[in-house]
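Written below as structure tokens is the structure these notes are about.
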Amino acid sequence: MVVQSKHFLNTAPSLVLDSLEGLCTINTHLALDPTHRVVYLADQDRSKVALLCGGGSGHEPSHSGFVGQGALTAAVCGNVFASPSAGQVRRAIDLIDNEKGTIIVVKNYTGDVLNFGLAKEEYAARYPNKADRVKFVIVGDDVAVGKTQGSIVGRRGLAGVCLVYKIAGALAQTGASVDEVYDVAQYVSSRLGTIGVGLDHCHVPGTAVPDTHLGANELEIGLGIHNESGHRRISPVPPLNELIPTLLEMITSTTDKERSFIPFKNDSTDRVVLLVNNLGGLSELELGGVVAEARRALDKSGIKIMRILSGSFMTSLNMPGFSITVLLLPAANDTGTPSADLILSLLDDSTNTPGWKWSSRSVPKPPSVSSSLPTVTHAKAWSASLKAPDINQFNSAVERACRALITAEPEITYMDSIAGDGDCGLTLKGGATAVLEALSKGSISGNDVLGSVITISRIAEDAMGGTSGALYSIFFSALAQALAKSSSSTATQEVWRTALEAALGRLYTYTRARPPSRTLVDPLAAFIGTLSSGLAAAVEAAREAAEGTKDMEAKAGRSAYVDSIKLKAERVTDPGAWGVKVVVEALAQ
């Protein structure tokens, strides 16, 4: 696949500091030491334990976005995917010096552990009277790294660290001692499991575009947040209802000898916090689907979800992927551990950190549809007296038009990829497919022309959607109204002509498009305006109008938002206009 390698920046070296300045500009409770790239609380309560974290940039909102009351006190930012130096970390420790002590939380990466650890030891050497008040927590929650490999390097730190920030930070905010905050942070860290999956690697600004060798229909499980290779690759990309259970099994399994990191009982008594994290390049639409499927999979496994969090917590620049984190809460009969109620209350406590995402602070309810919604019924408002002169011919014409649209989908899609947003062909195909289904069920028939037109209007609204669906639905609704006024019992060409003229007039009240406009209105108006001269002449007029859009300046519709110079150079026909041409040609065969 092709990695997205274009970025908005001044220069690659200035990007991190520019971003931190922007963060502190928006959030006035944050301060910035630009020399050492430390973001810290501007008005710190020095009577409480401080939390410090950091690491390479490129994971925003981690880590600087989690500085705030009830979370981190400061964050140290290195270059993209590079640990900050020990000198930067020492400066951060000094900035948040306090009366109770400091907890340093780092993800398990060699550079972070070494540089933050060196800063801690140097601080302790410089201030021996404060040495026991600086604690060190290493978070390794990645389950992609098995125990054999992990025995050497340990599990990598991923999005689970964000839960440590929030829970430990909220406890510190209550005035707890440094040992109390440390113990809870360590406990939460030990109960975390995270697995990531990506469709491609990310691109680091200022570097060459990597060749990931990931195919167009391939994904990678266990992909690291610094472009590290994953656990395995899968092709083709499976649906979520197959992928998500596989990922969760890697976290919750107690039989996998290479994993089983977390003491799940898998006896329907386990309670968890679920965190679904966007790795940077996933759409909100897809992320919602991941959340829904993760919830279904955990429910099916008998694991009770006490809280769900979703959004961008620990990203990998623009990586198209997500990670799932599960925090196993303590059981009711566990001893010597913080209670589940305490952990959940700390997770729910308010914070002004810009990176923390809203949550309902409650056990998620299952999706449900109310059974008390009123049922509205209407008597049929028209008689079925308006019939086609030849019922079989009517049905055949409708079928031809639909199949012609389906066949033309690739051509129309290509046109719309240049002149619009690329979905016109699929939209028309979706509508045509639904009309064919209604035709096969008898919902559309020449025996009831008016009812058929109303059915097509509803299909346009439901199966097509968007602007095209609305336009077609309005037109066919108006056409049905005009046909209903006819005194004839047969839908003759004159009945159709009169009704079509009325429908076009009604459509004009909802769109500014008038011929010539480079829209579907051009061939539609040409067809209706020429119908009095015969069907063949009307079809030819529609064909000429559709062809003419390739050299026309757009005055409305999708093409109005596309560079006119590009359109003229490409000489591509308007896709909506071409769709109308395809329909009327097929109807007239």
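The values are calculated or read from the model by the stated rules, or taken from the named source; none is laboratory data. Quantities reported herein were computed from a predicted structural model and do not represent experimental measurements. Using ideal geometry, Cβ is built from the backbone for each residue, glycine included, and neighbour counts are taken over all protein chains shown. Just so you know, the surface numbers come from the protein's heavy atoms only, side chains and all, with ligands and any DNA or RNA stripped out. Shrake-Rupley method; radii C 1.70, N 1.55, O 1.52, S 1.80 Å.
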Practice task
Would you be able to tell me the number of residues in the stretch 65-89 that are closer than 21 Å to ASN227 by Cβ and among the polar types (S, T, N, Q)?
Solution key: 2
Completion exercise
Pairing a residue in the stretch 495-516 that is farther than 17 Å from TYR472 by Cβ and of a type in the set (Lys, Arg) with any residue that is at pLDDT 90 or above and surrounded by 18 or more Cβ atoms within 10 Å (Cβ to Cβ), where Cβ atoms lie under 7 Å and the two sit 6 or more apart in sequence or on different chains, gives ARG497/LEU531; ARG514/VAL521
Handout entry: All positions within the stretch 420-468 that are open to solvent by 30 Å² or more (accessible area, probe 1.4 Å), outside any helix (DSSP H, G or I) and not charged (D, E, K, R)
Key = GLY442, SER443, ASN447
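Take the conditions open to solvent by 10 Å² or more (accessible area, probe 1.4 Å) and within 21 Å of GLN186 (Cα to Cα) and apply them to GLU121. Does it pass? Please lay out each step first, then the result.
Numbers: open to solvent by 10 Å² or more (accessible area, probe 1.4 Å): yes; within 21 Å of GLN186 (Cα to Cα): yes.
Yes; evaluated as a whole, the condition is true for this residue.
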Completion exercise
Among the residues of the stretch 229-250, the number that are open to solvent by less than 60 Å² (accessible area, probe 1.4 Å), without any contact (Cβ under 8 Å) to a residue 24 or more places away in the chain and either of a type in the set (Gly, Ala, Ser) or closer than 23 Å to LYS147 by Cβ (or both) is 1
Handout entry: Tally of residues being within 17 Å of LYS166 (Cβ to Cβ) and in a loop (DSSP other than H, G, I, E, B) across the stretch 42-57
Key = 2
Practice task
Look at ALA401 and say whether it is at pLDDT below 95 and open to solvent by less than 50 Å² (accessible area, probe 1.4 Å).
Solution key: no
Fill in the blank from the handout: Checked ARG514, ARG518 against criteria (surrounded by 17 or more Cβ atoms within 10 Å (Cβ to Cβ) and among the basic types (Lys, Arg)); the one match is ARG518
Exercise for the section: Working only within the stretch 294-317, note down all residues that are buried (at least 21 other Cβ atoms within 10 Å of the Cβ) and either of a type outside the set (Ser, Thr, Tyr) or within 22 Å of SER260 (Cβ to Cβ) (or both). Expected result: ALA294, ALA297, LEU298, ILE303, ARG307, LEU309, PHE313, MET314, LEU317
Exercise for the section: Could you grab me the full set of residues in the stretch 1-48 that are basic (Lys, Arg) and touching a residue at least 40 places away in the same chain (Cβ under 8 Å)? Expected result: ARG37, ARG46, LYS48
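Which ones in the stretch 235-262 are hydrophobic (A, V, I, L, M, F, W, C) and more than 25 Å from GLY215 (Cα to Cα)?
Once the filter is applied, which keeps residues that are hydrophobic (A, V, I, L, M, F, W, C) and more than 25 Å from GLY215 (Cα to Cα), the stretch 235-262 yields ILE251, PHE261, ILE262.
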Exercise for the section: Give the residue, chosen from GLY160, GLY206, that is open to solvent by less than 30 Å² (accessible area, probe 1.4 Å), in contact (Cβ under 8 Å) with a residue 12 or more places away in the chain and out of contact with any Cys (no Cβ under 8 Å at 6 or more places or on another chain). Expected result: GLY160
Problem - Test: ALA525 is buried (at least 23 other Cβ atoms within 10 Å of the Cβ), assigned to a helix (DSSP H, G or I) and free of Cβ contacts under 8 Å to residues at least 24 places away in the same chain - result: yes
Exercise for the section: Could you please find all residues in the stretch 13-60 being of a type in the set (Gly, Ala, Ser), open to solvent by 20 Å² or more (accessible area, probe 1.4 Å) and within 27 Å of the chain's Cα centre (by Cα)? Expected result: SER19, GLY22
Handout entry: Matching residues, the stretch 167-198, being part of a helix (DSSP H, G or I), of a type in the set (Val, Ile, Thr) and over 20 Å from LEU329 (Cβ atoms)
Key = VAL178
Exercise for the section: Check ASP423 against each of (1) at pLDDT 95 or above; (2) touching a Ser or Thr at 6+ places or on another chain (Cβ under 9 Å) and name the one condition it does not meet. Expected result: (1)
Handout entry: Boolean, ALA537 is over 19 Å from ASP423 (Cβ atoms), open to solvent by less than 30 Å² (accessible area, probe 1.4 Å), at pLDDT 95 or above and in contact with a helix residue (DSSP H, G or I) (Cβ under 7 Å, 6 or more places away or on another chain)
Key = no
Problem - Residue that is modelled with the highest pLDDT, among those in the stretch 1-18 that are of a type in the set (S, T, N, Q) and within 17 Å of GLY281 (Cβ to Cβ) - result: SER5
Completion exercise
All conditions in (1) in contact with a Ser or Thr (Cβ under 7 Å, 6 or more places away or on another chain); (2) closer than 25 Å to SER301 by Cβ; (3) among the β-branched types (Val, Ile, Thr); (4) in a loop (DSSP other than H, G, I, E, B) are true of VAL209 except (2)
Handout entry: Single condition SER253 does not satisfy, out of (1) open to solvent by less than 10 Å² (accessible area, probe 1.4 Å); (2) within 24 Å of the chain's Cα centre (by Cα)
Key = (2)
Problem - Of all residues making up the stretch 134-149, the number that are farther than 17 Å from GLY55 by Cβ and open to solvent by 20 Å² or more (accessible area, probe 1.4 Å) - result: 4
